[in-house]
Amino acid sequence: MWACRLLHAGLSAAPRGRRAQSALTQLRGVLEEELEAIRGAGTWKSERVITSRQGPRIHVDGVSGGILNFCANNYLGLSSHPEVIQAGLQALEEFGAGLSSTRFICGTQSIHKDLEAKIARFHQREDAILYPSCFDANAGLFEALLTPQDAVLSDELNHASIIDGIRLCKAHKYRYRHLDMADLEAKLQEAQKHRLRLVATDGAFSMDGDIAPLQEICHLASRYGALVFVDECHATGFLGATGRGTDELLGVTDQVTIINSTLGKALGGASGGYTTGPEPLVSLLRQRARPYLFSNSLPPAVAGCASKALDLLMESNAIVQSMAAKTQRFRRKMKAAGFTVLGANHPICPVMLGDARLASCMADDMLKRGIFVIGFSYPVVPKNKARIRVQISAVHSEEDIDRCVEAFVEVGRLHGALP
Amino acid sequence: MWACRLLHAGLSAAPRGRRAQSALTQLRGVLEEELEAIRGAGTWKSERVITSRQGPRIHVDGVSGGPGTDTFLSPFLLSCCVHTFFTSGILNFCANNYLGLSSHPEVIQAGLQALEEFGAGLSSTRFICGTQSIHKDLEAKIARFHQREDAILYPSCFDANAGLFEALLTPQDAVLSDELNHASIIDGIRLCKAHKYRYRHLDMADLEAKLQEAQKHRLRLVATDGAFSMDGDIAPLQEICHLASRYGALVFVDECHATGFLGATGRGTDELLGVTDQVTIINSTLGKALGGASGGYTTGPEPLVSLLRQRARPYLFSNSLPPAVAGCASKALDLLMESNAIVQSMAAKTQRFRRKMKAAGFTVLGANHPICPVMLGDARLASCMADDMLKRGIFVIGFSYPVVPKNKARIRVQISAVHSEEDIDRCVEAFVEVGRLHGALP
C-alpha cells in the first residue's frame, strides 16, 4: 500500500508529457506487488502442460511415463472417446470451422437446433438454449428473467458463475447458509412480498462434493410459491440411474423448473452450456439473454461432439452405473487411511488439507508418483480451506484407484498430513 | 402489470399446498406477457436455420437457392440467374467472417488434426488439468501477432471482457468507458469495483473532462472498442492515446471487429492508427475473422497476463478451449501472418458497397469499416426488408432493440474479403429494389 502512495505522490508531481510512461510503470509496480502477494500466500497457480489427449492416462511435459489423471471433470471418459472425436470430425467437415456470428444473426445451423432438441429430450423439458459455456448460461439467466419485483434466493456456496449472474440482475437478493433448510425457509418467508421467487442452487457443489437436498428445497418452494433452479454441471451425465442428474437422483424431475448445465464436463468436455426448462422461458432467453445475443454461436465441432456424447449416454446406462462403486472404493480407503474427505456419494472427493502450500507441495509429490492432482486454494476455495480435489471417473480402474490411494498415503506421511 | 397484480393477489390467498403449481403458472403468465410485448414492439428475433458451412454463400432451410416466382426480378438479377442462383446458394452479408476463414480448407484441416491429436475436450479449467501444449503455443502466437509480451485465452472475448476489469482494478482506480462500448465491456465494468466514468461516444472533450475528474484515483484505464460493432465507426486512438499520455492513463481496446483486417497487415486499429506502442491492453476474439469458431483473449504486459491467470473469474471457473478450436485459430493466424493479400482486398470492396449505397439514397453509418449499417429506424421495416432481401438471395437481418437503441433499427451489412464485386453489386441492387418496395427510398 505504501509503495502505491509514494508512486501516486510522484505521479502528481511529474510533468504531464511523461505521464504515459509513468502510467505503465505504475501499472507494472501495482501488478508485481499483487503477484508477490499471491506467491507469498502460497496460492500461486502453476499450469502443468499436457502433451496428450485428455483421459484417465495423460502425458505431461517434463514428466516421463503415463500419468494417472485424477482431477478432470471427464466423469464418463468421453473427452477422448473415439466416437465422440469422430462426430467432431464429421461436423467440422460438414458444417465448417466456425459460424463467425451470434445465433440470431446468421449463426444457427441445423446442428444447433438438433442439439437443443436433444438436450430438452434428455432432461425431459420443453425446450433448451445453447450458450458458449454454462458460465454464460448462468450469467444470462437471472438478468433476463427477473425484475426488481422479484427475488432470488441463493445458496452461499453456489458456483462463482451463479454469483456473478445474480450480481448482474435487478431482483432482490437473498442468500441462505449452505444447505441450511431452516435458513432457506426463513428467507422464503421474508420474500413473500415479492412477485416471483426463484431458489437457486448447485445440484452438486463443485468444491465440496455434497449434493443439494432437492426434495426439501422443492417442498419448501411448493409451500412458499417459489420456482427452483438447479445448476447441474457436476451431475449431468452421471448422477441418477440414467445420468439425468440430481433431479432424477432425488425423484424431483417434475418439480425443478429450470436447469443449467454444461457440455464441457461429462458430455465430451469440449465446451458449451445450456438452459433447459419451460418453452416460454427459453424463448425469452433467446430474445434477451446478453451472453446469448452478444457472443458467438457454438462451433460445429463442439456441437457434433456433444451430440454424440448425449447419444452414447441415452443408449446405455452401463458406464454410469460403474461409477458409484468406484467412488465408494476411493472414499472408503482414504477415510480408513486417516484422511478427511468431504461430501458423501459424489465422485468429487475433496481431500482436506487446510494450508495452501501443503496442498500444492503434496500435489507436486503425487505427480512424481505418477498421479496428476492439484492443490485448490484461494480464491477458488476459502482461505485456510485448501484441499486436493480428486475426481473419480467411470474409466478409472480399481487398480488406478488403489494406486492413487497408496500415493496419497505415502505423500501424506512425508508431509505430516497423516499421523 | 395489472395481470401480475391480480395473479399476486390470487396467490396470497391460495392454500400453500397448491403454490408450486401456482408459481409455475405465474411464471408462464409473466413470460407470455413479456414475449407478447417483444412481438408487439416488432423487435422479435427469429433464427433462420443454415444447413451448410458458414461462408459467403450459404444454404438456408426452407429457402431455395434463388428468388421466388412472385418476386420482381430486375434485368441484372435475371442475367445472373442460371449461374449464380441455382448453383451457389444465398449470399451472406451479415457474418463476422471478414476474411472468409470460417470454412477455409486449411483451417478446417488444422481443426481435424487437433481433434485427432488432442482429443474432443479438456473437461477442465486451465489451471487444473486443462492446459495442453496447443494452448501455450496459441497464446505465444497471439502475443507475437500483436507484438505484446504475453496473452491469455478465454472461452470468448465476452469472457475476456468480463474477467479483465474486476481482476485488474480496485476501488482506488478508475475506468473511463465510451458510452457505446460493446455489451460485454459494459457488463465487465459493472462487475468491477473501480470508479466508473462514461464519456460520450467518441467525444474527446468529454473524455478529457472525465480524465481530469479522475486524477484523484490511483490507476486510470480508458476503455474503448477499436471498431464499434453497430455503427461501423473507429475509435480516434491517436487522440485517446494522447489524452491518456497527458493525464496518466492506460488504454484498453477491444479489437473484435478489427483483428485480422484493419491496418496494413491486419493487426488492428492500433496498427491502422500507428499507436501500437501506446495501447496497453488488447482484448480480441478468435470467433470472428480468425476462423470464427470460438475463443477470446487478452494480450498485454506479462505481469497483467500473469495476474489474470491467477484472478480472472471466467478464466478460473470455465473450461479450457477445445483442441479443435485452438487448432483452427492457430492456422488462421498462420495464414494471416504469411500474407497480407487477402486483407488488402477489403478496403476497395468496402468502398464499392458504401459508395453505391449512398448514391442510391441510403444512409450508411461509419466510414472505412466493412461494417456498413444501413439505417432504417423502424424495427418492423428493418425486419420486413431483410425478409424480402432473403427472397432475392441476399441474407441480411434487421437489428433492433436491445441490440441497438429503440427507433434506431438498421440492417447491418458486413463486407468480407471473399465477396466478389459482383456479389456486392447484387446486394446493392437488391437493397434498391426492396427499399423502393417498402418506401425506404424515394
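Take the residues in region A:186-196 that are closer than 21 Å to A:D231 by Cβ and out of contact with any Asp or Glu (no Cβ under 6 Å at 6 or more places or on another chain), then tell me which one is farthest from the other protein chains (Cβ to nearest Cβ). Write out each step before concluding.
Here is the first cut: in region A:186-196, the ones closer than 21 Å to A:D231 by Cβ are A:187-188, A:191, A:196.
After this cut, where a residue has to be out of contact with any Asp or Glu (no Cβ under 6 Å at 6 or more places or on another chain) as well, the list is A:187-188, A:191.
Values: A:K187: 16, A:L188: 11, A:A191: 12 Å.
Across region A:186-196, the extreme among qualifying residues is A:K187.
This table checks each residue for (1) farther than 30 Å from B:F165 by Cβ; (2) surrounded by fewer than 21 Cβ atoms within 10 Å (Cβ to Cβ); (3) within 12 Å of chain B (Cβ to nearest Cβ); (4) of a type in the set (V, I, T).
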| site | (1), (2), (3), (4) |
| --- | --- |
| A:L168 | no, yes, yes, no |
| A:K173 | no, yes, no, no |
| A:L198 | no, no, yes, no |
| A:D202 | no, no, no, no |
| A:E216 | yes, yes, no, no |
| A:A221 | yes, no, yes, no |
| A:A226 | yes, no, yes, no |
| A:F229 | no, no, yes, no |
| A:T257 | yes, no, yes, yes |
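Give the number of residues within region A:347-395 that are of a type in the set (G, A, S), assigned to a helix (DSSP H, G or I) and within 12 Å of chain B (Cβ to nearest Cβ). I'd like the intermediate steps shown before the answer.
Looking only at region A:347-395, we keep the residues that are of a type in the set (G, A, S), and these are A:354, A:356, A:359-360, A:363, A:370, A:375, A:377, A:386, A:393-394.
Checking which are assigned to a helix (DSSP H, G or I) leaves us with A:356, A:359-360, A:363.
Subset that is within 12 Å of chain B (Cβ to nearest Cβ): A:360, A:363.
Residues flagged as of a type in the set (G, A, S), assigned to a helix (DSSP H, G or I) and within 12 Å of chain B (Cβ to nearest Cβ) within region A:347-395 amount to 2.
From the list B:E255, B:E213, which residue is acidic (D, E) and more than 19 Å from the chain's Cα centre (by Cα)? Spell out how you get there, then give the answer.
Values: B:E255 fails: more than 19 Å from the chain's Cα centre (by Cα).
Testing whether each residue is acidic (D, E) and more than 19 Å from the chain's Cα centre (by Cα) leaves just B:E213.
Taking the conditions exactly as written (hydrophobic (A, V, I, L, M, F, W, C) and more than 30 Å from B:C129 (Cα to Cα)), does B:C384 satisfy them or not? Show your work before the answer.
On the way: hydrophobic (A, V, I, L, M, F, W, C): yes; more than 30 Å from B:C129 (Cα to Cα): yes.
Considered against the rule, which asks whether it is hydrophobic (A, V, I, L, M, F, W, C) and more than 30 Å from B:C129 (Cα to Cα), B:C384 comes out as yes.
The rows are residues; the columns are (1) over 30 Å from A:G96 (Cα atoms); (2) in contact (Cβ under 8 Å) with a residue 12 or more places away in the chain; (3) surrounded by 22 or more Cβ atoms within 10 Å (Cβ to Cβ).
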position: A:L293; (1), (2), (3): no, yes, no
position: A:S297; (1), (2), (3): no, yes, yes
position: A:A303; (1), (2), (3): no, yes, yes
position: A:A336; (1), (2), (3): yes, no, no
position: A:A356; (1), (2), (3): yes, yes, yes
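Tally time: how many residues in region A:34-53 are touching a Pro at 6+ places or on another chain (Cβ under 9 Å) and either more than 9 Å from chain B (Cβ to nearest Cβ) or assigned to a loop (DSSP other than H, G, I, E, B) (or both)? Outline the logic, then answer.
Initial filter on region A:34-53 (touching a Pro at 6+ places or on another chain (Cβ under 9 Å)): A:34-35, A:43, A:53.
Now drop any that are not either more than 9 Å from chain B (Cβ to nearest Cβ) or assigned to a loop (DSSP other than H, G, I, E, B) (or both), which leaves A:43, A:53.
Qualifying residue count, region A:34-53: 2.
Would you please name the residue that is nearest to A:H234 (Cα to Cα), looking only at residues in region A:146-156 that are of a type outside the set (S, T, Y) and crowded, with 19+ Cβ neighbours inside 10 Å? Show your work before the answer.
We begin by selecting, within region A:146-156, every residue of a type outside the set (S, T, Y); these are A:146, A:148-153, A:155-156.
From the residues that got through so far, the ones that are crowded, with 19+ Cβ neighbours inside 10 Å too are A:146, A:150-153, A:155.
Details: A:L146: 25, A:D150: 28, A:A151: 25, A:V152: 22, A:L153: 21, A:D155: 16 Å.
The residue in question is A:D155.
Which one of these is farther than 13 Å from A:P132 by Cβ, facing chain B (nearest Cβ under 7 Å), assigned to a helix (DSSP H, G or I) and of a type outside the set (G, A, S): A:L310, A:L281? Full working, then the answer.
On the way: A:L310 fails: facing chain B (nearest Cβ under 7 Å).
Unique residue meeting the criteria: A:L281.
The rows are residues; the columns are (1) at pLDDT below 95; (2) within 24 Å of B:L262 (Cα to Cα); (3) of a type in the set (S, T, N, Q).
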{"residue": "B:L308", "(1), (2), (3)": "no, no, no"}
{"residue": "B:N319", "(1), (2), (3)": "yes, no, yes"}
{"residue": "B:P322", "(1), (2), (3)": "no, no, no"}
{"residue": "B:R355", "(1), (2), (3)": "no, yes, no"}
{"residue": "B:A386", "(1), (2), (3)": "no, no, no"}
{"residue": "B:M389", "(1), (2), (3)": "no, no, no"}
{"residue": "B:I394", "(1), (2), (3)": "no, no, no"}
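May I ask you to verify whether B:S416 is of a type in the set (G, A, S) and within 17 Å of the chain's Cα centre (by Cα)?
On the way: of a type in the set (G, A, S): yes; within 17 Å of the chain's Cα centre (by Cα): yes.
So B:S416 passes the test.
Since B:Y297 meets every condition but one in (1) out of contact with any strand residue (DSSP E or B) (no Cβ under 7 Å at 6 or more places or on another chain); (2) of a type in the set (S, T, Y); (3) not in a loop (DSSP other than H, G, I, E, B), which condition does it not meet?
B:Y297 satisfies all of (1) out of contact with any strand residue (DSSP E or B) (no Cβ under 7 Å at 6 or more places or on another chain); (2) of a type in the set (S, T, Y); (3) not in a loop (DSSP other than H, G, I, E, B) except (1).
Scan region B:114-145 residue by residue and report those that are among the polar types (S, T, N, Q) and either buried (at least 24 other Cβ atoms within 10 Å of the Cβ) or touching an Asp or Glu at 6+ places or on another chain (Cβ under 9 Å) (or both).
B:S123, B:S124, B:T131, B:Q132, B:S133
Where in region A:177-267 are the strands (runs of 3 or more DSSP E), entirely inside, with at least 2 residues that are among the charged types (D, E, K, R) and either touching a helix residue (DSSP H, G or I) at 6+ places or on another chain (Cβ under 8 Å) or at pLDDT 95 or above (or both)? Before the answer, list the steps.
Working: elements: A:197-202, A:227-231, A:258-262.
It comes to A:197-202.
Quick check on region B:360-367. Is at least one of its residues surrounded by fewer than 18 Cβ atoms within 10 Å (Cβ to Cβ) and of a type outside the set (A, V, I, L, M)? So that I can check it myself, show each step before the final result.
Going through region B:360-367, the residues surrounded by fewer than 18 Cβ atoms within 10 Å (Cβ to Cβ) turn out to be B:360-361, B:363, B:367.
If we keep only those that are of a type outside the set (A, V, I, L, M) as well, we get B:361, B:363.
Checked region B:360-367: at least one residue is surrounded by fewer than 18 Cβ atoms within 10 Å (Cβ to Cβ) and of a type outside the set (A, V, I, L, M).
Could you tell me which numbered condition B:T276 fails, if it satisfies all but one of (1) part of a loop (DSSP other than H, G, I, E, B); (2) more than 11 Å from chain A (Cβ to nearest Cβ); (3) among the hydroxyl-bearing types (S, T, Y); (4) under 14 Å from the mean Cα position of the chain (by Cα)?
For B:T276, the failing item is (4).
Being in a loop (DSSP other than H, G, I, E, B) and farther than 12 Å from B:L122 by Cα is the filter; apply it to region B:320-340 and report the residue that is nearest to the other protein chains (Cβ to nearest Cβ). Lay out the reasoning, then the answer.
Filtering region B:320-340 down to residues in a loop (DSSP other than H, G, I, E, B) leaves B:320-322, B:339-340.
Add one more test, that the residue is farther than 12 Å from B:L122 by Cα, and what stays is B:339-340.
On the way: B:S339: 19, B:N340: 20 Å.
Taking the candidates together, the pick is B:S339.
The values are calculated or read from the model by the stated rules, or taken from the named source; none is laboratory data. Small disclaimer: the values here were computed from a predicted structure and weren't measured. Positions of Cβ are backbone-derived with ideal geometry, glycine not excepted, and every protein chain shown enters the neighbour counts.
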